[in-house]
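Only the coordinates and a few stated rules stand behind these numbers; no lab work does. This is a predicted model, so every value here is computed, not measured. Note: ideal-geometry Cβ built from the backbone for every residue, glycine included; neighbour counts use all protein chains shown.
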């Protein structure tokens, strides 16, 4: 068994006399470049995310050396026994300063592959892709496909041409377009950004879809999501089953497929799944999703999300061209997407996965608690369970055999780290004032 020897990569801002340049990370604080005794196989960015911990564990179990990077300390991935090195960047995600420090870490670790799962980091890496690819292999699809996958409007247009059902919707650029859009779509409706990550020259932000039940709520959501520019979609509300198909596609061949459905998410609409189950690939959406990925030629990992209506018809929601937060259920069910992604990005032979375990449950407990609290604080939301049902569902879930995010008896430290930060966040949510109706 590998011994836990996580080494911290120290990063230092430039000395005042050195102008705007940044020094390389050092281990003796005297300016000498820090080099690892052994090169790093993979550098996992956005280490705060659940999929990043799953990636570090997955690669470590394959005897690959993984380093993790984030903009703050005390996160679960850093405490994993499989995390060989960690770097804490003194910069905001998605900024030019972040990119400069990132180059330092790639140079210091000699990382063969860089894996990222954050929309903000992906946006930054796309801007500097040519420079980064001179240093390492980036586990992202080529730009022609990626630019379509991150843009919901382009994705939906291609899907429609392929014969897939898409939600009724209108693109909106300002609050002045809202009334006309709502007349066409109706209420309740869903407001979502065309691209999840938006930014200006100083800052960026990721926006999740929001359910709106009044024109005033729609206006507030549109104003927020267009605060950095960009446009939003106002779409019809669908309250049926949420399902997702994940792929590892490369050079015209599907190397792996996996399907799951989300029973509960946080937030309740369009958020990350907090209770999900592995399922056999439904024939209707399985075929549709694969045709879409092949049409776009989206190599690497991707997750295609669908939502069914009350009659059971599936409507395409979006494509996520990055490791999703729920990917660990695929790994535990037998589809090791982080390792497959590494194989593809590094140019190695890619394993073939023909089958996986179905009917397996996985729960993100802290997220499920947050979802239940939200149901208690905002009763009567369309598509949401009543407070009583939310409490019953939450409690009875403990009696169902399942896996839990962060919980791994062979790698226990991340669970303690996640519990501390999760409790702190829940206390903040619990003391937050209830929004006015």
Exercise. Per Stokes-Einstein, at 4 °C and 1.567 mPa s, what whole-number D in µm² s⁻¹ belongs to segment 169-235, with the Kirkwood radius over Cα pairs as the hydrodynamic radius?
Worked result: 112 µm²/s
Seminar exercise, completed: Label model pair residue 62, residue 126: point-to-point distance (7 angstrom along the Cα→beta-carbon line) in nm is 2.5 nm
For this session: Rounded to the nearest 10 degrees, what's the angle between the helix 365-377 long axis and the longest principal axis of the chain, both from Cα atoms, 0 to 90?
Result: 30 degrees
Exercise. Debye sum, Cα scatterers, segment 293-430, no solvent: what log₁₀ I/I(0) at q = 0.09, 0.17, 0.19 1/Å?
Worked result: -0.40, -1.26, -1.37
For this session: Between the alpha-carbon centers of segment 167-239 and segment 55-99, tell me the distance in whole angstrom.
Result: 33 Å
Problem set entry | Span from the segment 288-307 Cα centroid across to the segment 123-156 one, whole angstrom | 15 Å
Problem set entry | Residues in segment 347-378 that a label on residue 254 would reach, taking backbone N under 17 Å of a point 7 Å out along Cα→Cβ | 351-358
Exercise. Once you put a point 7 Å from the Cα of residue 147 and another 7 Å from the Cα of residue 409, both along the Cβ direction, what distance in nm separates them?
Worked result: 5.1 nm
For this session: Would you look at the GNM of the chain, springs on alpha carbons closer than 10 Å, and say which of 415, 391, 275 moves the most?
Result: 391
For this session: Measure nothing but the geometry: give the 0 to 90° angle between the long axis through the Cα atoms of 96-109 and the longest principal axis through the Cα atoms of the chain, rounded to 10°.
Result: 50 degrees
Exercise. What number, in nm² with one decimal, is the all-direction average of the projected area of the convex hull of the alpha-carbon atoms of segment 365-429?
Worked result: 5.1 nm²
Exercise. R0 = 56 Å: FRET efficiency of residue 399 with residue 349, Cβ-based, nearest 0.05?
Worked result: 0.85
For this session: With the Cα gyration tensor of segment 242-355 in hand, give its eigenvalues times 5 under a square root as the equivalent ellipsoid semi-axes, listed largest first in whole angstrom.
Result: 23, 16, 12
Problem set entry | Label-point gap, in nm, between residue 214 and residue 107 - each point 7 angstrom along Cα→Cβ | 5.6 nm
Exercise. Going by the alpha-carbon gyration tensor, a ≥ b ≥ c the square roots of its eigenvalues, is segment 190-267 rounded (a/c under 1.5) or, if a/c is not under 1.5, prolate (a/b greater than b/c) versus oblate?
Worked result: oblate
Problem set entry | Rounded FRET efficiency, nearest 0.05, which uses the C-beta distance separating residue 206 from residue 183 and R0 of 30 Å | 0.55
For this session: Could you state the angle between the C-alpha long axis of helix 283-296 and the longest principal axis of the C-alpha atoms of the chain, as a value from 0 to 90 degrees rounded to the nearest 10?
Result: 50 degrees
Seminar exercise, completed: Taking only the alpha-carbon positions of segment 112-171 as identical scatterers, the Debye log10 I(q)/I(0) at q = 0.24 Å⁻¹ comes out as -0.97
Problem set entry | Hypothetical label at residue 313: residues of segment 282-301 whose amide nitrogen lies under 19 Å (7 Å Cα-Cβ projection) | 283-289
Exercise. Mean residue ellipticity at 222 nm from the helices of the chain, using -39,500 (n - 2.57) per DSSP H segment of n ≥ 4 over the full residue count, to the nearest 500 deg cm²/dmol?
Worked result: -10000 deg cm²/dmol
Problem set entry | Where N is the number of residues in the chain, Cα Rg divided by 2.2 N^0.38 Å | 0.98
